[in-house]
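> Attaching a single structure in structure tokens format; questions to follow.
Every number here is computed from the coordinates shown, using simple stated rules; none is lab data. Note that this is a predicted model, so its numbers are computed, not measured. Using ideal geometry, Cβ is built from the backbone for each residue, glycine included, and neighbour counts are taken over all protein chains shown.
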Amino acid sequence: MNGAAQLEKMMPRTRRAFWLGVGLALGVLAATIGSGVLFVRDLVREQIARRDAEALHATTLMEQLDAAALNGKEIRDDEQIGFDAAVLASRLKGVMGIRFYDTNGTFQDSFPATIQPMPIAPGALEAVRAFRPHSRFESFTPLSAVFIYLPEFATGRVARVPTLHITVPLHRRDTEKLAGAAEFIVEGQGIAEEYANLDRRLIQFALLTFAISGLLLVLMLWPAFRRAEQLNRDLTLRGERLRRANEELALAARASALGAVSAHLMHGLRNPLASLSQFISSHAKSQTTLENGELQDALSASRRMQSLVEQTLEVLGDARGEPAYEVAIKELVTGVQQRVAALAARRQVGLVAEVATDGTLSSRTANLASLVLTNLLENALESTPAGGTVSLSVAREAEVLCFRVRDQGPGFPDHLRAHLFLPVKSTREGGSGIGLAISKQIADHLGARLELESSSPEGCVFLLEITCSASEALTP
């Protein structure tokens, strides 16, 4: 399931994302082809240089016969044989000169004498001792590194030419006794042109391969993207339909939770509150102005308590026997906001909500929690002066769902904190004094925790914590 969710996140959802993905794939393809071309280029260049080196080595061995014929007899000195053979081989076209080295790689002589003395090339001595030729191509070799002096050096302009340096072992044809080494300095214009021709062909091949592969890649990915785009639209549409159905179900069965303790409390308060309201209303007219004002306050408080009781009974009584269902936390918060929106507008207090989790609650837990949150928000709106802000935030901390209601009122009086959740005389105009007590009863029945998290002159923060065991269906 998690793998499918990760795959869905990786799927491109817009055409811009698709083309970015195609661009990334083409970039990887280009890098792969480029790496392959460079590898083949170096390999073929090495083979070309080795080909010329092996040919010159074979020529040097053949020239030993001519060196012996020039002296009229077989030459016994191994070093002399190799030297003469190398000199004869220097007649080949393009050879600019030769450097001679002993078996330890120390420079001995050069032919012609104007050749610049240089140490043996790195790696060349190891190849020579294994009786293998060694080749090294330089694209831009200054002539001052080849010759000691040329007339053109007097002008201060030193030309740069491509050169191929081939070091061959000097030994008899019929023995493996090394006599030394000879480094042939060959004019490299021909091999440079061969390298350039190779590069052109490889570039053409790489571009053709990239064009064909890229086109095939796009042709394969485009139908897949179109299909994924269609599936994404279908999923979005179905998700919207499911959300609407869930909202309708939640609205139709908002009061499905049953709470024995809260139901008993609400039914016990309903009739006494109705009688109290009727009694206060009937005696208000016969009292003095001062007494009448106090009775009106009492009447307002009793009617507010009666409204709270009726609201609770609506939730607890309307859904008896109905099956449980899941309620999204965002949906719960939205419903609570709608309930107190009129009071917020009348009090001219801002109301904001922040939901930092996408979980769900069972319908029983959600409906009971909505009663507690509605009462907390109403108290916060009554306490906050006009122009202030009341906020409701929801976050998940470990296995606990935390609802925090913040106001910008004067704070809770210190002397009342010990009796915070007991029925008392309200200090707020029109307050009943039992709202927090009822909320505490509902939270206890739910298995949740309701507390005053903080109180200061800048406002109060009430915290409602619902654990997984209490919520019955808390899901991430």
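> Order these peptides, 240-247, 395-402, by their mean beta-carbon neighbour count within 10 angstrom, highest first.
Ranked from most to least packed, the peptides come out as 395-402, 240-247.
> Out of the DSSP beta bridges found with both residues in region 347-460, what percent are antiparallel (nearest 5)?
The answer is about 60 percent antiparallel.
> Further, regarding this structure: If I model a spin label at A245 and R201 as a point 7 Å from the Cα along the Cα→Cβ vector, what separation in nanometres do I get?
6.7
> Same structure, new question: Of the listed peptides 115-127, 454-466, what is their order by residue-averaged count of other C-beta atoms within 10 Å, with the highest listed first?
The densest-packed peptide leads the list: 454-466, 115-127.
> Could you order the peptides 132-142, 147-157, 343-353 from most to least packed, using the average number of other C-beta atoms within 10 Å per residue?
By packing density, highest mean first, the sequence is 132-142, 343-353, 147-157.
> Using the Cα gyration tensor of region 85-209, with a ≥ b ≥ c the square roots of its eigenvalues, what is the shape: rounded (a/c below 1.5), prolate (a/b larger than b/c) or oblate (neither)?
oblate
> Along Cα→Cβ, 7 Å out, is where each label goes; now give me the distance between the ones at A17 and H419 in nm to one decimal.
So the label points at A17 and H419 sit 5.9 nm apart.
> Given the Cα-Cα distance of F111 and A30 and 0.36 nm per residue of separation, how much length would full extension add, in nm?
24.3 nm
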